[in-house]
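Undergrad: Here's a structure for you.
The values are calculated or read from the model by the stated rules, or taken from the named source; none is laboratory data. Since the structure is predicted, the reported quantities are computational estimates derived from the model, not experimental observations. Cβ placement follows ideal geometry from the backbone for every residue including glycine, while neighbour counts extend to all protein chains displayed. Note: areas computed on protein heavy atoms with side chains; ligands, DNA, RNA excluded. Shrake-Rupley method; radii C 1.70, N 1.55, O 1.52, S 1.80 Å.
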Amino acid sequence: MSVLAINLDELVTSVESVRREFKGSWSEPTLDQIIRSVCAFANDFFNLNGGYIVVGIEEKDGLPILPPRGLDGSNLDEIQKKIRGQCRRIDPEYQPVISPEIYQGKQILVLWVPAGDVRPYQAPKTSDSKKPEHKERAYYVRQGPETVAAQGDVLTQLMQMTAKVPFDDRRSFGHTLDVLSASLVRNFLSDIRSGLVAPGVQIPDQELYRSLRISVKVNGYDVPKNVALLFFTHDPEQFFPGARIEIAQFGDGAGGSLIEEKTFRGPLHTQINQALDYLNAFSVSMIRKVPDQAEAHRTVAFPYEAMEEALVNAVYHRSYEGNPEPIKIYLYPNRMEIISYPGPVPGIDLKHFQPGFGVPPVPNRNRRIGEFLKELRLAEGRGTGIPKIYRKMTENGSPRPTFEFDTERTYFRVVLPAHPQYVVIQALRESAHLWAIGERMAAIRNLEAARDRVPNSGAIIAQIIEYSISLNDIGTAEQVFAEVESDSMVMDAHLPYLAMARYYLSQKDSPRAAELLSHVPSPSRIDDLVELAVLYKRSGKLEEAHSVFATNYDLIKDNPKAVHEFAQSKLGLARRNDKDWRDIAPRERTATKQRLTRDAIELLRRAIQLSDDNVRKAWCYHDLANALAESKAPATEVDQAFNTAIELLPYQPQFEQSYESWRQRRAR
């Protein structure tokens with residue numbers, strides 16, 4: 001039975017190289033290397049909780065070469081005896097956990113070397129008593145994937161760590177193992193696929209705690225470590241005030257009204273998962289279908305990976321020692337702030353959080369918390385979190401994140417700006433609500449504040465124009481639109497054009513609307529393309545309307561409104577006066593009109609099939625009746641279409657008038 005808490009596959013393939021070392025075979029020189037690495041892992045200079053040495057697997061560039069070579073034919077008992085014998089020469093004496101394992105059918109040996117409690121440790125430079133340096137010793141540490149002798153500043157810092165144990169790995173003398181939940185421990189081990197809870201394995205709770213190194217015997221009885229109270233009790237806050245996550249959502253800005261508060265308690269990893277689920281509900285997905293492209297553009301308010309990294313880092317690197325402040329997450333319409341206490345450990349400066357820089361390898365504040373979060377795949381390798389936040393924000397099209405802390409290092413804040421499109425959506429929703437309840441000036445002020453945050457949003461500008469027109473403030477609408485015309489950086493610049501064109505059409509000013517639409521920037525969303533085509537049609541620019549519909553037909557063919565409008569555009573072209581066809585020969589002119597009418601009839605029938613709105617269906621049947629009459633279809637078909645339209649919408653006088661007009665023409 002394995003005595004390792006970690007899953008063997010995870011150890012071989014996923015543990016970062018600073019915490020893992022491979023030895024392809026066994027030999028006396030290998031023994032010297034192993035003892036030096038045991039010493040280095042025990043010193044745990046960066047507070048990563050030691051590491052592992054795997055004997056029987058070769059490596060290349062820090063990665064295992066599989067399948068393993070194995071130690072088949074070697075005397076494993078003799079190898080373990082030699083390792084333990086040489087480990088006695090480490091000062092102070094240190095013994096790793098040695099576990100023979102079968103991996104991919106081959107015998108290997110795994111040394112688990114947790115951080116020691118009485119560092120610094122030193123080891124002999126060689127085990128060969130015949131060599132002159134046999135009695136010489138050195139302090140060893142891990143530098144990346146290598147074991148090296150500590151020298152200079154590194155040696156000085158190691159000496160300063162004498163007998164210092166990070167708070168999360170200290171013993172909690174005031175408590176017994178009774179405060180721990182065995183089910184939480186077993187669930188954790190199951191989540192990381194540990195062999196300690198494999199089917200058929202029965203280990204008493206107390207022995208399980210010792211195997212996981214979350215308890216230690218003191219004066220004849222076992223006491224839990226602080227990390228056990230943080231991960232394996234139902235309410236860590238009763239032991240460590242502030243060990244919780246608080247989320248507050250605000251309506252607007254730092255001084256905005258509080259909308260909702262939520263507190264997450266429980267084991268640290270449970271807090272993280274529940275808080276991320278809650279935050280992800282706010283990170284709405286925004287989809288933009290772009291013409292001529294198979295895939296839609298998908299963005300979110302806040303990339304999940306960026307939120308996860310920022311929150312996990314806060315839980316990992318905050319202090320739990322006498323710190324009553326929880327992790328705080330503030331949600332604003334335009335950003336998310338994640339604040340933890342205190343700030344970074346000495347050696348990390350603000351410049352290290354800028355793009356192109358890296359966080360220097362300084363000792364962590366907590367070592368066991370990070371180890372458990374990595375085994376749960378919530379945390380990743382050392383130094384990868386900040387670059388990942390930058391990368392995910394950039395991939396999402398979001399503004400750059402910011403990182404800050406004060407000179408006294410009392411706090412650390414990560415600011416994730418919301419995607420500009422999300423800021424726009426939130427502003428439009430809030431303004432629509434204010435407008436609906438009669439707070440019309442407040443709705444406009446909210447939009448103006450949003451425009452200050454996203455000055456190039458055509459959607460916000462268009463809404464300001466529409467609200468101003470509704471208040472009969474045409475001067476403001478035209479002034480705002482003039483700013484759009486002179487600003488080439490406005491996104492979705494077509495929206496203000498469409499808003500103004502709708503106004504001019506409502507005032508029966510078709511020439512002005514047509515002039516405006518002749519300069520409209522091309523929309524990128526399908527709904528906006530349909531709206532543009534409709535406005536072209538209403539302003540008399542039938543060719544342009546037909547062109548937009550025809551070009552994007554594959555994208556609109558399931559939209560009953562768009563299909564109906566397309567049909568009307570075709571009918572409008574077919575009904576034009578002969579003077580509009582003077583450049584086309586009479587025979588070709590007739591054939592084109594007939595083809596346009598036939599196409600319109602097919603589109604109208606499709607729109608009828610697609611629509612579940614009786615009003616839309618009624619108008620489709622009305623247009624279909626007229627198109628059938630113009631194509632000289634059988635009278636029974638025309639009559640049926642008119643009657644269906646009237647049946648669906650009996651109080652529409654235009655239907656009766658058209659029906660009567662057709663019957664009179666037919667009677668002549």
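Undergrad: I'd like to know if the range 387-406 contains one or more residues that are open to solvent by less than 50 Å² (accessible area, probe 1.4 Å), touching a Phe, Trp or Tyr at 6+ places or on another chain (Cβ under 6 Å) and of a type in the set (A, V, I, L, M). Steps first, answer last, please.
TA: Of the range 387-406, the ones open to solvent by less than 50 Å² (accessible area, probe 1.4 Å) are 388-390, 392-393, 396-398, 401, 403, 405-406.
Then drop every residue that is not touching a Phe, Trp or Tyr at 6+ places or on another chain (Cβ under 6 Å), which leaves 403, 405.
Filter again for of a type in the set (A, V, I, L, M), leaving none.
Checking the range 387-406: not a single residue is open to solvent by less than 50 Å² (accessible area, probe 1.4 Å), touching a Phe, Trp or Tyr at 6+ places or on another chain (Cβ under 6 Å) and of a type in the set (A, V, I, L, M).
Undergrad: Do we have any residue at all in the range 582-597 that's outside any loop (DSSP other than H, G, I, E, B) and either at pLDDT 95 or above or touching a Ser or Thr at 6+ places or on another chain (Cβ under 8 Å) (or both)? If you could, list the steps in order and put the result at the bottom.
TA: Going through the range 582-597, the residues outside any loop (DSSP other than H, G, I, E, B) turn out to be 586-597.
Now drop any that are not either at pLDDT 95 or above or touching a Ser or Thr at 6+ places or on another chain (Cβ under 8 Å) (or both), which leaves 594, 597.
Looking through the range 582-597, at least one residue is outside any loop (DSSP other than H, G, I, E, B) and either at pLDDT 95 or above or touching a Ser or Thr at 6+ places or on another chain (Cβ under 8 Å) (or both).
Undergrad: Report whether or not Leu628 is closer than 28 Å to Ala667 by Cα and either in contact with a Pro (Cβ under 9 Å, 6 or more places away or on another chain) or hydroxyl-bearing (Ser, Thr, Tyr) (or both). Outline the logic, then answer.
TA: Working: closer than 28 Å to Ala667 by Cα: yes; either in contact with a Pro (Cβ under 9 Å, 6 or more places away or on another chain) or hydroxyl-bearing (Ser, Thr, Tyr) (or both): yes.
So Leu628 fits the description; yes.
Undergrad: Condition first: open to solvent by 10 Å² or more (accessible area, probe 1.4 Å) and over 41 Å from the mean Cα position of the chain (by Cα). Now tell me which residues in the range 23-38 satisfy that. I'd like the intermediate steps shown before the answer.
TA: Step one: list which residues in the range 23-38 are open to solvent by 10 Å² or more (accessible area, probe 1.4 Å), which gives 23-30, 32-33, 36.
Result: Ser25, Trp26, Ser27, Glu28, Pro29, Thr30, Asp32, Gln33, Arg36.
Every residue, every condition in (1) of a type in the set (Val, Ile, Thr); (2) surrounded by fewer than 18 Cβ atoms within 10 Å (Cβ to Cβ); (3) in contact with a Ser or Thr (Cβ under 8 Å, 6 or more places away or on another chain), yes or no:
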{"site": "Pro333", "(1), (2), (3)": "no, no, no"}
{"site": "Gly343", "(1), (2), (3)": "no, no, yes"}
{"site": "Leu350", "(1), (2), (3)": "no, yes, no"}
{"site": "Pro360", "(1), (2), (3)": "no, yes, no"}
{"site": "Arg365", "(1), (2), (3)": "no, no, yes"}
{"site": "Arg368", "(1), (2), (3)": "no, no, no"}
{"site": "Phe372", "(1), (2), (3)": "no, no, no"}
{"site": "Ala379", "(1), (2), (3)": "no, no, no"}
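Undergrad: Would you check if there is a residue in the range 69-81 being in a loop (DSSP other than H, G, I, E, B), modelled with pLDDT under 95 and crowded, with 19+ Cβ neighbours inside 10 Å? Talk me through it step by step, then tell me what you get.
TA: In the first step, residues of the range 69-81 are kept if they are in a loop (DSSP other than H, G, I, E, B); the result is 69-75.
Narrowing further to those that are modelled with pLDDT under 95: 69-75.
Filter again for crowded, with 19+ Cβ neighbours inside 10 Å, leaving 70-71.
Yes, the conditions are met somewhere in the range 69-81.
Undergrad: Examine the range 122-133 for a residue that is modelled with pLDDT under 95, under 21 Å from Lys217 (Cα atoms), surrounded by 19 or more Cβ atoms within 10 Å (Cβ to Cβ) and not charged (D, E, K, R), and state whether such a residue exists.
TA: no
Undergrad: So, of the residues in the range 563-581 that are more than 13 Å from Asn626 (Cα to Cα) and of a type in the set (A, V, I, L, M, F, W, C), which turns out to be modelled with the lowest pLDDT?
TA: Result: Trp581.
Undergrad: Could you list, in sequence order, the residues of the range 61-96 that are within 46 Å of the chain's Cα centre (by Cα) and on the phi > 0 side of the Ramachandran plot?
TA: Result: Asp61, Gly62, Gly70.
Undergrad: Related question: Which pairs have Cβ atoms under 8 Å, sit 6 or more apart or on different chains, and link a residue in the range 390-409 that is assigned to a strand (DSSP E or B) to one that is open to solvent by 70 Å² or more (accessible area, probe 1.4 Å) and of a type in the set (A, V, I, L, M)?
TA: Listed pairs, sorted by first residue: Phe403/Leu350; Glu404/Leu350.
Undergrad: Separate question: When you scan the range 87-104, do you find a residue that is open to solvent by less than 20 Å² (accessible area, probe 1.4 Å) and out of contact with any strand residue (DSSP E or B) (no Cβ under 9 Å at 6 or more places or on another chain), even just one?
TA: Taking every residue of the range 87-104 in turn, none turns out to be open to solvent by less than 20 Å² (accessible area, probe 1.4 Å) and out of contact with any strand residue (DSSP E or B) (no Cβ under 9 Å at 6 or more places or on another chain).
Undergrad: Can you go through Asn614, Asn626 and tell me which one is among the polar types (S, T, N, Q), under 23 Å from Asn559 (Cβ atoms) and open to solvent by 70 Å² or more (accessible area, probe 1.4 Å)?
TA: On the way: Asn626 fails: open to solvent by 70 Å² or more (accessible area, probe 1.4 Å).
Just one listed residue meets the conditions, Asn614.
Undergrad: Which of the residues that make up the range 439-490 are of a type in the set (A, V, I, L, M, F, W, C) and surrounded by fewer than 16 Cβ atoms within 10 Å (Cβ to Cβ)? Give the derivation first.
TA: To start, the set of residues in the range 439-490 that are of a type in the set (A, V, I, L, M, F, W, C) comprises 441-444, 447, 449-450, 454, 459-462, 464-465, 469, 471, 474, 477, 480-482, 484, 489-490.
Met441, Ala442, Leu471, Ile474, Ala482, Met489 - these are the residues of the range 439-490 that are of a type in the set (A, V, I, L, M, F, W, C) and surrounded by fewer than 16 Cβ atoms within 10 Å (Cβ to Cβ).
Undergrad: Which of the numbered conditions does Ala314 fail, given that it passes all the others? Conditions: (1) crowded, with 20+ Cβ neighbours inside 10 Å; (2) out of contact with any Ser or Thr (no Cβ under 8 Å at 6 or more places or on another chain).
TA: The failed condition is (2).
Undergrad: When you scan the range 130-229 for helices (runs of 4 or more DSSP H) that lie fully inside it, which ones turn up with 3 or more residues that are farther than 25 Å from Asp44 by Cβ and touching a helix residue (DSSP H, G or I) at 6+ places or on another chain (Cβ under 8 Å)?
TA: On the way: elements: 152-160, 182-191, 205-211.
In the range 130-229, the matching helices (runs of 4 or more DSSP H) lie at 182-191.
Undergrad: Look through the range 307-342, keep the residues that are farther than 28 Å from Gln238 by Cβ and in contact with a Pro (Cβ under 7 Å, 6 or more places away or on another chain), and return whichever of them is modelled with the highest pLDDT.
TA: Going through the qualifying residues, I end up with Arg335.
Undergrad: A follow-up question, please. Could you please find all residues in the range 549-568 being open to solvent by 50 Å² or more (accessible area, probe 1.4 Å), among the acidic types (Asp, Glu) and part of a helix (DSSP H, G or I)?
TA: The one that is open to solvent by 50 Å² or more (accessible area, probe 1.4 Å), among the acidic types (Asp, Glu) and part of a helix (DSSP H, G or I): Asp554.
Undergrad: Let me spell it out: the conditions are (1) under 34 Å from the mean Cα position of the chain (by Cα); (2) surrounded by 14 or more Cβ atoms within 10 Å (Cβ to Cβ); (3) within 16 Å of Arg451 (Cα to Cα); (4) of a type outside the set (Lys, Arg), and His494 meets all of them except one. Which number is the exception?
TA: Of the numbered conditions (1) under 34 Å from the mean Cα position of the chain (by Cα); (2) surrounded by 14 or more Cβ atoms within 10 Å (Cβ to Cβ); (3) within 16 Å of Arg451 (Cα to Cα); (4) of a type outside the set (Lys, Arg), the odd one out for His494 is (3).
The rows are residues; the columns are (1) under 30 Å from Tyr209 (Cβ atoms); (2) among the small types (Gly, Ala, Ser); (3) over 21 Å from the mean Cα position of the chain (by Cα); (4) at pLDDT 95 or above.
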position: Gln354; (1), (2), (3), (4): no, no, no, no
position: Arg367; (1), (2), (3), (4): yes, no, yes, no
position: Glu371; (1), (2), (3), (4): yes, no, yes, no
position: Lys374; (1), (2), (3), (4): yes, no, no, no
position: Arg377; (1), (2), (3), (4): yes, no, no, no
position: Thr384; (1), (2), (3), (4): no, no, no, no
position: Pro387; (1), (2), (3), (4): no, no, no, no
position: Arg391; (1), (2), (3), (4): no, no, no, no
position: Phe403; (1), (2), (3), (4): no, no, no, yes
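Undergrad: Test Leu535 against the stated conditions and say whether it is open to solvent by 40 Å² or more (accessible area, probe 1.4 Å), outside any loop (DSSP other than H, G, I, E, B) and under 30 Å from Asp612 (Cβ atoms).
TA: Working: open to solvent by 40 Å² or more (accessible area, probe 1.4 Å): no; outside any loop (DSSP other than H, G, I, E, B): yes; under 30 Å from Asp612 (Cβ atoms): yes.
No: the conditions fail for Leu535.
Conditions (1) over 25 Å from Pro303 (Cβ atoms); (2) in contact with an Asp or Glu (Cβ under 8 Å, 6 or more places away or on another chain); (3) open to solvent by less than 30 Å² (accessible area, probe 1.4 Å), marked per residue:
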site: Ile203; (1), (2), (3): yes, no, yes
site: Arg213; (1), (2), (3): yes, no, no
site: Asn219; (1), (2), (3): yes, no, no
site: Leu258; (1), (2), (3): yes, no, no
site: Gln271; (1), (2), (3): no, no, yes
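Undergrad: While we're here: Counting just the residues of the range 167-193 that are among the acidic types (Asp, Glu) and open to solvent by less than 70 Å² (accessible area, probe 1.4 Å), which one comes out nearest to Arg365 (Cα to Cα)?
TA: Of the range 167-193, the ones among the acidic types (Asp, Glu) are 168-169, 178, 191.
Restricting the remaining residues to those that are open to solvent by less than 70 Å² (accessible area, probe 1.4 Å) gives 168-169.
Working: Asp168: 9, Asp169: 11 Å.
Across the range 167-193, the extreme among qualifying residues is Asp168.
Undergrad: So, Phe41, is that one assigned to a loop (DSSP other than H, G, I, E, B), under 14 Å from Glu146 (Cα atoms), among the aromatic types (Phe, Trp, Tyr) and open to solvent by less than 20 Å² (accessible area, probe 1.4 Å) or not?
TA: Numbers: assigned to a loop (DSSP other than H, G, I, E, B): no; under 14 Å from Glu146 (Cα atoms): yes; among the aromatic types (Phe, Trp, Tyr): yes; open to solvent by less than 20 Å² (accessible area, probe 1.4 Å): yes.
No: the conditions fail for Phe41.
Undergrad: Identify the residue in the range 409-436 that is open to solvent by less than 40 Å² (accessible area, probe 1.4 Å) and touching a Gly at 6+ places or on another chain (Cβ under 7 Å) and, among all such residues, is farthest from Tyr316 (Cα to Cα).
TA: His419
Undergrad: A further question on this structure: Against the definition (under 10 Å from His564 (Cα atoms) and not basic (Lys, Arg)), how does Ala641 come out, yes or no?
TA: No.
Undergrad: Among the residues of the range 152-166, which ones are β-branched (Val, Ile, Thr), open to solvent by 50 Å² or more (accessible area, probe 1.4 Å) and modelled with pLDDT of 90 or more? Steps first, answer last, please.
TA: Pass one, the range 152-166, residues β-branched (Val, Ile, Thr): 154, 156, 162, 165.
Right, trim to open to solvent by 50 Å² or more (accessible area, probe 1.4 Å) and you get 156, 162.
Within the range 152-166, Thr156 is the sole residue that qualifies.
Undergrad: Evaluate the range 517-527: report whether one residue or more is of a type outside the set (S, T, N, Q), at pLDDT below 90, open to solvent by 50 Å² or more (accessible area, probe 1.4 Å) and not in a loop (DSSP other than H, G, I, E, B). Write out each step before concluding.
TA: Let us first name the residues in the range 517-527 that are of a type outside the set (S, T, N, Q), namely 517, 519-521, 523, 525-527.
Subset that is at pLDDT below 90: 517, 519-521, 523, 525-527.
Now drop any that are not open to solvent by 50 Å² or more (accessible area, probe 1.4 Å), which leaves 519, 525, 527.
From what is left, the residues that are not in a loop (DSSP other than H, G, I, E, B) are 527.
Yes, because at least one residue in the range 517-527 is of a type outside the set (S, T, N, Q), at pLDDT below 90, open to solvent by 50 Å² or more (accessible area, probe 1.4 Å) and not in a loop (DSSP other than H, G, I, E, B).
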